[in-house]
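One structure coming up, written as structure tokens, with questions to follow.
A short reminder: the numbers here are calculations on the coordinates, not readings from a lab. Small disclaimer: the values here were computed from a predicted structure and weren't measured. Cβ placement follows ideal geometry from the backbone for every residue including glycine, while neighbour counts extend to all protein chains displayed.
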Amino acid sequence: MNDQNETAQLRFLEETATRLRQNGFTVEPIEDHHLPVCWEKGRLCRITGRGSVFYRREDADTPQAEDALFRVEDIAAKTLEYMTAMETAPRLKATDLTGDYRILADFGDAVLAGHPTERGVQFVTWEWDFDREGVHHGHYFQDDYEAAKRDFTVRSGLVQKDALFEQEQLAQIYHALSFVREQDETLSFGRDQELAELMEQVGGLLPADALRQRDAPEQSGMTMK
């Protein structure tokens, strides 16, 4: 491993440690390019500098521990995505803009930037001035990378706002599909597989913990046609 890769991996692990602490996990000091993660009273897993998550089966042998592990994997994957981009992202230069802002995406009239801070990378979208020398109308998302990306796609014109689903809407779709698969005894095998594939696609757009949250009143109110 060369020095540049080693430094990048350490930055990723430090950022991941910050995100995990913000989400209620305990982390131990980085050792040999591994970040040990603890949950409740014991070790849950360890994260490598390349973003892999390793765990022992006995450390995730309850539904609660399994949910916690999924959350760690989700946080590590999202952090790896933006930290990899931050490593090569150019500096955002704009009139009257101070601080270290890196361009993560730039299209049309909009720009998405990441700003390293002691609290982790913070995200913001702006619109360019007509001469592209300055930016205005900043939308600040703190550490919510996914929300910043969605906002950028709309502000840049890549996607119309009405074409985007909010996470709450996606979660409702996911759980509705799950309900149908569990309750409709008339489903054919082929149709069940189609719904399973659709659930996988929708689930891939959601945080891991959202897939395990169910709204009981909504479920009890659903009826089969």
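If you count, for each residue, the other Cβ atoms within 10 Å and average over each peptide, how do 73-81, 115-123, 86-94 line up from highest to lowest?
Top of the packing list down: 73-81, 115-123, 86-94.
Hydropathy first: keep DSSP H helices in the chain averaging at least -0.5 on Kyte-Doolittle, then drop any whose Cα extent along the axis falls short of 18 Å, and list what survives.
Those that clear 18 Å and a mean of -0.5 are 63-88, 167-183.
Summing Lys, Arg as +1 and Asp, Glu as -1, what charge do residues with Cβ under 13 Å from the Cβ of ALA8 carry, ALA8 excluded?
Computed value for this residue: -3.
Give the order of PHE12, PHE70 when sorted by the count of other beta carbons within 10 angstrom, beginning with the fewest.
PHE70, PHE12
Rounded to the nearest 500, what is the 222 nm mean residue ellipticity of the chain from helices alone, with -39500 (n - 2.57) per DSSP H run of 4+ residues and division by all residues?
Estimated from H runs of four or more residues: -14000 deg cm²/dmol.
Right, next: Report the local net charge at THR88: Lys and Arg +1, Asp and Glu -1, summed over other residues whose C-beta lies under 15 Å from its C-beta.
-1
Order of 105-112, 186-193 by packing, highest average Cβ count within 10 Å first?
105-112, 186-193
Which one of ILE47, PHE70, PHE152 has its Cα pushed farthest toward the positive end of the charge dipole of the chain, where Lys and Arg give +1 and Asp and Glu give -1 at the Cβ?
Looking along the dipole axis, the top candidate is ILE47.
Count charges around PHE107 for me, please; just the other residues with Cβ under 13 Å from its Cβ, Lys/Arg as +1, Asp/Glu as -1.
Overall, the nearby charge balance is -1.
Next question. Assuming 0.36 nm per residue, please report the length gained on full extension of the stretch PHE130 to PHE107 beyond their Cα-Cα distance.
6.9 nm
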